[in-house]
1. Which one is nearest to the other protein chains (Cβ to nearest Cβ), of the residues in region B:108-164 that are touching a Phe, Trp or Tyr at 6+ places or on another chain (Cβ under 7 Å) and among the hydroxyl-bearing types (Ser, Thr, Tyr)?
2. Go through A:157, A:196, A:225 for me and flag whichever is of a type in the set (A, V, I, L, M), more than 30 Å from residue B:83 (Cα to Cα) and at pLDDT 95 or above.
3. Could you tell me whether region A:77-100 includes any residue that is within 16 Å of DNA strand C (Cβ to nearest atom), outside any helix (DSSP H, G or I), more than 18 Å from residue A:164 (Cβ to Cβ) and within 12 Å of chain B (Cβ to nearest Cβ)?
4. How many residues, within region A:127-142, are touching a helix residue (DSSP H, G or I) at 6+ places or on another chain (Cβ under 7 Å) and surrounded by fewer than 15 Cβ atoms within 10 Å (Cβ to Cβ)?
5. In region B:129-157, what count of residues is obtained for those that are free of Cβ contacts under 8 Å to residues at least 24 places away in the same chain and among the hydroxyl-bearing types (Ser, Thr, Tyr)?
6. If residue A:79 passes every condition in (1) closer than 28 Å to residue B:105 by Cα; (2) touching a residue at least 40 places away in the same chain (Cβ under 8 Å) but one, which one does it miss?
7. In region B:210-222, which residues are modelled with pLDDT of 90 or more and surrounded by 20 or more Cβ atoms within 10 Å (Cβ to Cβ)?
8. Please work out if residue A:58 is open to solvent by 50 Å² or more (accessible area, probe 1.4 Å) and either at pLDDT below 95 or in contact with a strand residue (DSSP E or B) (Cβ under 7 Å, 6 or more places away or on another chain) (or both).
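The values are calculated or read from the model by the stated rules, or taken from the named source; none is laboratory data. All values derive from a computational prediction rather than experimental measurement. Every residue, glycine as well, gets a Cβ built from its backbone with ideal geometry; the counts of neighbours run over all protein chains shown. Ligands, DNA and RNA are excluded from the accessible area calculation, which covers all protein heavy atoms including side chains. Shrake-Rupley method; radii C 1.70, N 1.55, O 1.52, S 1.80 Å.
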There are 2 protein chains.
Amino acid sequence: MTTSNLTRKKTSMKRRSLHEEISDHLRSMIIEGELPEGERIDESALCEQLEISRTPLREALKVLHSEGLVSIEPNRGARVAVLTPEEFAELFELIGGLERMAAELAASRATDSELKKLAQMQTRLESLYSAGDRHNYFELNQDIHRMIIAMSRNSTLTSLHEQLLMRASRGRYMAIGTEDRWEESVQEHQTLLDALQAKDSVKAGEIMLEHVRHTGDCAVNALKLRKAV
Amino acid sequence: MTTSNLTRKKTSMKRRSLHEEISDHLRSMIIEGELPEGERIDESALCEQLEISRTPLREALKVLHSEGLVSIEPNRGARVAVLTPEEFAELFELIGGLERMAAELAASRATDSELKKLAQMQTRLESLYSAGDRHNYFELNQDIHRMIIAMSRNSTLTSLHEQLLMRASRGRYMAIGTEDRWEESVQEHQTLLDALQAKDSVKAGEIMLEHVRHTGDCAVNALKLRKAV
DNA sequence: AGCCAGTATCAGGAATACATAATTATAGCG
DNA sequence: CGCTATAATTATGTATTCCTGATACTGGCT
């Protein structure tokens, strides 16, 4: 039997299941802070609010749980995962390692056009810094990091990084809480760019690791202070 | 054979939900190869086999999906995720980076008793190598790696590593497919131990990275060959 | 004979219904 | 008056049912 499936060609229609959409929705609700840390997640209430049934919601909660955004206690329901300073520090340590790896790989794998794009982003970053536009600076900063991760040409690494970033994102904005750290950060980005352009893997990795470590330490301290209140 | 060891006796009721047990069960089924790569997962059939209903099974599938062990196409069901050589290579690259990080941290954080324990394991590893006991060698090898990860004192890193190892485990055993690589591997473990005992973070990290990279390359090649058949 | 259309069948997705554990309220007792 | 035990209530966990989209089959057509 010749099963030549010519009609198998299926345009990647984004057929999103309900639980997928709910996952995304809840994920942003958590990240945006709409659902605060530790908040109890009342299934029935949320179902009513989102106008869905419990089945897909519960599936979504399982997904978010294994992403580390939600904690589930058997027979006691789900709540938005609380991030202790210790966990947050661990997370940043981990992210630092991943970004270092990415920077190393990026140094050896990046194309010229990618480097050029990165240079442009860096220029814009500096102007945003000069303008004191903290919000857009922060956004662009994240984009630059994401760009470097993507330049590693490792999609597994990329998606994992993205996921960890989400877990950490609730605290990450604190990183640029102080002006002096801000200036330092811009500097580090520049030297990192230099290393990448020079295709110096080791150096790029080192700079990135230090950069993230600094950022992380800042954020951890900010978080500890805030928790102490 | 068809006997389900998913007995849920009320007497031994742990706090584990059904979907959690199912997740674990399916996870081992996949890792053990009982459910081969690409195998379609028929929900009704599995439910009947495990004597449960579809609801918890589907929840478990969502979890396994976000762990990367199962792929889900909307309206087309779930199947055991297939690991292409490319993905496998990415995975190993990633694991390499994580283990390097762990080795670096371990070098600075390990206690003397941990180092002693590790040295004992190394001794045993060498004797297993001499005896040609491949199976136990492989087991101990994994334990050593896990031990070093644990010595990093970063539980987030540890659990992530464990998860990635699962995804890769179906191909990992191929790593020691050749004798010469085997001997090399034992050597690398020894020098790694030396570096850890000397608390030389950088060196420990480098050795670990190289070690995993070698192992990975071997495994990737083996996988490619096998896929080509 | 091969191909396409229409239909039948089936499996997965979502909603509802049911069971059970946890929490809270209440009543009885000390 | 307070404490404990037990009942009521609520929310979670699981099963069942319904619905919808996908695949397979059949029959008519070129």
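1. Going through the qualifying residues, I end up with B:137.
2. One residue alone meets the criteria, A:196.
3. yes
4. 1
5. 3
6. (1)
7. Answer for region B:210-222, where residues must be modelled with pLDDT of 90 or more and surrounded by 20 or more Cβ atoms within 10 Å (Cβ to Cβ): B:211, B:212.
8. Answer is no for this residue.
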